[in-house]
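The values are calculated or read from the model by the stated rules, or taken from the named source; none is laboratory data. What you see is a predicted model, and the numbers here were worked out from it, not measured in a lab. Here the Cβ positions follow ideal geometry from the backbone for every residue, glycine too, while neighbour counts run over all protein chains shown.
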Ligand SMILES: [Mg+2]
């Protein structure tokens with residue numbers, strides 16, 4: 001295998017000892033895109049996806065029975081533009097926008113859908129008090145109560161109760177004479193946790209590969225699922241079980257993994 005330096009005692013060492021076919025049936029891959037799979041470019045729009053990477057990812061996805069996900073800050077549309085010949089499982093916008101495995105499609109922004117469900121319910125509670133003003137900002141809803149400050153506690157309690165049904169996606173922010181229902185901050189850990197609950201990821205051992213601060217939530221979530229974390233580039237990351245020096249090394253490592261699975265499958269036949 002190409003240069004993957006593992007920390008002593010890492011769960012990745014245990015994975016390394018598995019027979020290829022056993023590893024193939026046990027592993028789930030979570031892969032950041034920019035700086036991990038592909039080299040950074042002057043602008044996010046000018047990155048290039050090598051054809052060989054597309055083939056390796058598609059092959060690995062088949063070998064892992066679908067347990068491969070791209071996890072990125074990019075939008076889903078942007079990911080599909082980059083990887084135009086195949087629709088992968090994607091945690092886009094740090095998990096705010098997800099496309100799950102084939103039988104569990106979730107193609108809309110999670111928080112937009114939640115806000116749309118909640119909006120009519122918020123509107124029905126407004127007449128309960130005088131002087132409330134609803135400001136719909138599209139991606140958040142503000143309820144101003146400056147005209148009637150005495151309602152603060154009761155209003156807050158009611159809004160908390162409403163929001164509880166959408167707590168995965170929305171949160172309540174308190175301002176001066178205003179409550180705001182806004183999208184929860186998602187991170188890449190939310191993507192790992194969400195996908196590890198469903199087939200074909202469920203019951204597998206996740207490996208998260210990333211290069212950036214925003215990947216660390218995904219790396220931590222992967223470790224929390226008895227998996228491991230690989231950092232591309234920065235060797236000082238204490239969360240990482242292993243390191244790859246560059247996106248080119250990640251691509252080479254994934255290619256070797258795929259070849260190893262292929263040989264393992266052939267050997268078993
Ligand atoms: Mg990155």
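Looking only at the range 160-173, count how many residues are surrounded by fewer than 18 Cβ atoms within 10 Å (Cβ to Cβ) and either modelled with pLDDT of 90 or more or in contact with a strand residue (DSSP E or B) (Cβ under 6 Å, 6 or more places away or on another chain) (or both). If you could, list the steps in order and put the result at the bottom.
Restricting attention to the range 160-173, the residues satisfying the condition of being surrounded by fewer than 18 Cβ atoms within 10 Å (Cβ to Cβ) are 160-162, 164-165, 167-168, 171-173.
Imposing the further condition that a residue be either modelled with pLDDT of 90 or more or in contact with a strand residue (DSSP E or B) (Cβ under 6 Å, 6 or more places away or on another chain) (or both) reduces the set to 160-162, 164-165, 167, 171-173.
The qualifying residues number 9.
Within the range 12-33, can one find any residue that is more than 24 Å from residue 200 (Cβ to Cβ), surrounded by fewer than 19 Cβ atoms within 10 Å (Cβ to Cβ) and modelled with pLDDT under 85? Show your work before the answer.
Keep residues of the range 12-33 that are more than 24 Å from residue 200 (Cβ to Cβ), which gives 13.
Still in the list and also surrounded by fewer than 19 Cβ atoms within 10 Å (Cβ to Cβ): 13.
Now restrict to residues that are modelled with pLDDT under 85: 13.
Looking for residues that are more than 24 Å from residue 200 (Cβ to Cβ), surrounded by fewer than 19 Cβ atoms within 10 Å (Cβ to Cβ) and modelled with pLDDT under 85, one finds at least one in the range 12-33, hence yes.
Could you please give the count of residues in the range 127-144 that are within 14 Å of residue 181 (Cα to Cα) and more than 31 Å from the chain's Cα centre (by Cα)?
Filtering the range 127-144 for residues within 14 Å of residue 181 (Cα to Cα) gives 133-144.
Filter again for more than 31 Å from the chain's Cα centre (by Cα), leaving 133-134, 144.
So the count comes out to 3.
Report yes if some residue within the range 93-107 is more than 16 Å from the ligand (Cβ to nearest atom), without any contact (Cβ under 8 Å) to a residue 40 or more places away in the chain and in a strand (DSSP E or B); otherwise report no.
yes
Residue-wise test of (1) within 16 Å of the ligand (Cβ to nearest atom); (2) not in a loop (DSSP other than H, G, I, E, B).
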position	(1), (2)
53	yes, yes
58	no, yes
69	yes, yes
87	no, no
113	no, yes
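Please indicate, with yes or no, whether at least one residue in the range 152-159 is loosely packed, with under 14 Cβ neighbours inside 10 Å and either in contact with a helix residue (DSSP H, G or I) (Cβ under 9 Å, 6 or more places away or on another chain) or assigned by TED's automatic domain parsing to the domain that holds residue 216 (or both). Lay out the reasoning, then the answer.
So the first thing to find is which residues in the range 152-159 are loosely packed, with under 14 Cβ neighbours inside 10 Å, and the list is 152-154, 157.
Now restrict to residues that are either in contact with a helix residue (DSSP H, G or I) (Cβ under 9 Å, 6 or more places away or on another chain) or assigned by TED's automatic domain parsing to the domain that holds residue 216 (or both): 154.
Yes; the residues of the range 152-159 include at least one that is loosely packed, with under 14 Cβ neighbours inside 10 Å and either in contact with a helix residue (DSSP H, G or I) (Cβ under 9 Å, 6 or more places away or on another chain) or assigned by TED's automatic domain parsing to the domain that holds residue 216 (or both).
I'm trying to understand the selection: among the residues of the range 236-251, which are over 21 Å from residue 63 (Cα atoms) and either within 16 Å of the ligand (Cβ to nearest atom) or in a strand (DSSP E or B) (or both)? Give the steps one after another, and end with the answer.
Our first condition is that a residue be over 21 Å from residue 63 (Cα atoms); within the range 236-251, this holds for 236-248.
Listed by number, the residues that qualify are 237, 239, 240, 242, 243, 244, 245, 246, 247, 248.
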